[in-house]
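Here's the structure, in structure tokens; my notes come after.
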Amino acid sequence: MKREIGLFERLFDAGIYAVLIFLVVVTLYPLLYVLFASFSEAGQLIIHKGILWKPLGFSFEAYKSVMNNPGILIGYRNTLFIVFAGLAVNLVMTALGAYVLSRKNVLWNNSFMVFIVFTMFFHGGLIPLYLVVKGVGLLDSLWSTILPFAVGTFNLIIMRTAFMGIPDSLEESAKIDGANHFTILFRIIIPLSMPVIAVMILYYAVDKWNGWFYASVFIKSRELFPLQLVLREILIANSTDSMSAG
């Protein structure tokens, strides 16, 4: 039997749709503003005030300037390497750690978890980290932004919790069939945990893409700068020029 929708429910649904549309517009407009500004002529864009609804004029000068800057392409290359190599290291190390810590028969399992959680609240500091990176020979290398951060504590806890939710009977059945721990992890545990793996990919990839602070500390060679450091230099140079002009 079809239920009739009352006036209040219609108004409530209309209000929800209005709020959602407003949120979509607020979210998309900054992206559209950047897109319109990139195709606008510089002179018209500088003197423009208020909301930008369309490109002011039409020019590819902004894109030509970007492509003529060799640092931009080098930065993209280095950032893509950091993202993909770092993502592979992060996923493998986090999955291995989460699998070990999620097994109930591991000796001192809870003690290890206490030490791991402890690192979330108390950090050794930047200077000890710098000395460790320098001591192992990773200074001025792209790997200095990957290997010291191979496992995120919060992400490890999330993945461990997901692995603990898988029934032990699956692991026991696999062991009866002669499977070792690597087979159990990569052929049973991980395929059953794809939602949390997707979340880990998102978390780690965004972190690697946006990371710039540790790169600025460990990397000195300009040909190894990630994109974020290149953009930071451009912004600082523009700010300095503006202050000098003022």
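The values are calculated or read from the model by the stated rules, or taken from the named source; none is laboratory data. Quick caveat: nothing in here was measured; it's all calculated off a predicted structure. As a convention, Cβ positions derive from the backbone with ideal geometry for all residues, glycine included, and neighbour counts pool all protein chains shown. Surface accessibility is based on the protein's heavy atoms, side chains included, excluding ligands, DNA and RNA. Shrake-Rupley method; radii C 1.70, N 1.55, O 1.52, S 1.80 Å.
Filtered by the rule that a residue be more than 30 Å from Arg222 (Cβ to Cβ), free of Cβ contacts under 8 Å to residues at least 40 places away in the same chain and of a type in the set (Val, Ile, Thr), region 132-160 gives a lone residue, Thr153.
With the structure loaded, tell me whether Asp177 is touching a residue at least 40 places away in the same chain (Cβ under 8 Å), open to solvent by 40 Å² or more (accessible area, probe 1.4 Å) and of a type in the set (Asp, Glu) or whether it fails that test. Against the criterion (touching a residue at least 40 places away in the same chain (Cβ under 8 Å), open to solvent by 40 Å² or more (accessible area, probe 1.4 Å) and of a type in the set (Asp, Glu)), Asp177 does not qualify. Residue selection: Ile74 fails the criterion of being touching a Ser or Thr at 6+ places or on another chain (Cβ under 6 Å), hydrophobic (A, V, I, L, M, F, W, C) and surrounded by 10 or more Cβ atoms within 10 Å (Cβ to Cβ). For the structure I just gave you, tell me whether Val92 is modelled with pLDDT of 90 or more, of a type outside the set (S, T, N, Q), part of a helix (DSSP H, G or I) and in contact with a Lys or Arg (Cβ under 8 Å, 6 or more places away or on another chain). For Val92, the condition - modelled with pLDDT of 90 or more, of a type outside the set (S, T, N, Q), part of a helix (DSSP H, G or I) and in contact with a Lys or Arg (Cβ under 8 Å, 6 or more places away or on another chain) - is not met.
A residue that is touching a Pro at 6+ places or on another chain (Cβ under 9 Å), open to solvent by 70 Å² or more (accessible area, probe 1.4 Å) and either of a type in the set (Asp, Glu) or more than 30 Å from Ser141 (Cβ to Cβ) (or both) occurs nowhere in region 56-67. Considering the conditions (1) among the aromatic types (Phe, Trp, Tyr); (2) touching a residue at least 40 places away in the same chain (Cβ under 8 Å); (3) exposed (fewer than 10 other Cβ atoms within 10 Å of the Cβ), Phe121 is excluded by exactly one of them, (2). Residues of region 3-45 being assigned to a loop (DSSP other than H, G, I, E, B), open to solvent by 60 Å² or more (accessible area, probe 1.4 Å) and either touching a Lys or Arg at 6+ places or on another chain (Cβ under 9 Å) or closer than 30 Å to Ala62 by Cβ (or both), which ones? Residue satisfying the conditions is Glu41 alone. Would it be correct to say that Val132 is touching a helix residue (DSSP H, G or I) at 6+ places or on another chain (Cβ under 8 Å), closer than 22 Å to Gln228 by Cα and either surrounded by fewer than 16 Cβ atoms within 10 Å (Cβ to Cβ) or of a type outside the set (Phe, Trp, Tyr) (or both)? The answer is no for Val132.
Of the residues making up region 180-202, those that are open to solvent by 30 Å² or more (accessible area, probe 1.4 Å), more than 24 Å from the chain's Cα centre (by Cα) and of a type outside the set (Val, Ile, Thr) are Asn180, His181, Phe182, Arg187. Could you list, in sequence order, the residues of region 165-189 that are part of a helix (DSSP H, G or I) and farther than 15 Å from Leu96 by Cβ? Asp168, Ser169, Leu170, Glu171, Glu172, Ser173, Ala174, Lys175, Ile176 - these are the residues of region 165-189 that are part of a helix (DSSP H, G or I) and farther than 15 Å from Leu96 by Cβ.
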